[in-house]
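Read through the structure below, which is laid out as structure tokens, and then see the notes.
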């Protein structure tokens, strides 16, 4: 199988490329702006080709894209509004339109669970007041319905992503786990109303590897939320506290009303999306999957697991 991959040099991309190199014989075409950022050895076997190119110039690979059996679109922009729209919407749709709807068997497109409501339908607020990243992911999700390749698109919606190591870039969340550990002495005594899913990039890679070899059938959903079972905010804090050896003697409830009062008193500037998230609070979804959903092994199923993966260990 010939597979075109964008975003290989990012956190998820590193785990995905490593998994596909080590566990498949597929021919991989890795498009990256800076191939030097990819730390996964690409000489482990034949069939790995590095393509130096910016998403803005993806048309240079138009002829190559027509020969692909699968495309995995991970690349995204967290930048300013213009760049986010150009990369996350225009150029992502351009890649999809350049694929052959006759030859290409599957496009695995990375969106984000942030654009979904609790029933897994598009969350209107994400498209109206979301951050540049969230809003453009919402727009792309809606626009790709008009493409000829749309029946072949499998959209994955990762929840909160952990991951990273000495040889792989850290996700935005994993990069902050050290700070969480630093302040757990205070955090453990606070209680907040909220729920969330989380997933490690290694487990995302395993799910995608399965999807590459086993595209969803005609009667199966082509929109897949990837995440461990939802946990409440208090459960997460309790598990972190226990892992770091910090006892919880009591918890002080932090109400939304109190939080809003603090914001007003100290004149804290918040975007509309931040305020929406404060009121929404329960970012949970239906039928979230992990590798074990497909008979595979979950590498990082617990909160302590993701802390250990980031090198955050209890002090002795």
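Every number here is computed from the coordinates shown, using simple stated rules; none is lab data. These numbers come from a predicted model, not from an experiment. For neighbour counting, all protein chains shown are included, and Cβ atoms are generated from backbone atoms with ideal geometry for every residue, glycine included.
The mean sequence distance of close C-alpha pairs (under 8 Å, at least 6 residues apart), as a share of the length of the chain, puts its relative contact order at 18 percent. For residue 59 and residue 286, the FRET efficiency from 1/(1 + (r/R0)^6), where r spans their Cβ atoms and R0 equals 41 Å, is about 0.60.
At R0 = 30 Å, how high is the FRET efficiency between residue 23 and residue 279 if r is their beta carbon distance? Nearest 0.05 is fine. Efficiency at R0 = 30 Å is approximately 0.10. According to the Cα-based calculation, Rg over Rh for the chain is 0.98, with Rh computed by the Kirkwood formula. Between 97, 221, 111, the residue with the greatest mean-square fluctuation in the GNM of the chain (Cα pairs under 10 Å linked by springs) is 221.
Note: relative contact order over the range 24-122, using C-alpha pairs below 8 Å and six or more positions apart, is 26 percent. Applying Stokes-Einstein at 4 °C and 1.567 mPa s to the Kirkwood radius of the range 1-90, computed over alpha-carbon pairs, gives a translational diffusion coefficient of 96 µm² s⁻¹.
Here the label points at residue 142 and residue 103, each 7 Å from Cα along the C-beta direction, are separated by 3.4 nm in the simple model.
The length gained by stretching the chain between residue 242 and residue 67 to full extension, at 0.36 nm per residue less their Cα-Cα distance, is 57.8 nm. Between the alpha-carbon centers of the range 1-52 and the range 103-119, tell me the distance in whole angstrom. Each part's Cα centre sits 21 Å from the other's.
Among 288, 192, 75, the largest mean-square fluctuation in a Gaussian network model of the chain, built with springs joining Cα atoms closer than 10 Å, belongs to 192.
Here the relative contact order of the range 74-219, from alpha carbon pairs under 8 Å that lie six or more residues apart, stands at 24 percent. Take the Cβ-Cβ distance between residue 265 and residue 313 as r, set R0 to 22 Å, and report the resulting FRET efficiency rounded to the nearest 0.05. So the FRET efficiency works out to roughly 0.05. With Cα atoms defining each centre, the range 235-249 and the range 197-212 are spaced 27 Å apart in the structure.
Given axes a ≥ b ≥ c from the Cα gyration tensor, I'd like to know whether the range 57-133 is rounded (a/c under 1.5), prolate (a/b larger than b/c) or oblate. Oblate shape, in that a/c is at least 1.5 and b/c is the bigger or equal ratio.
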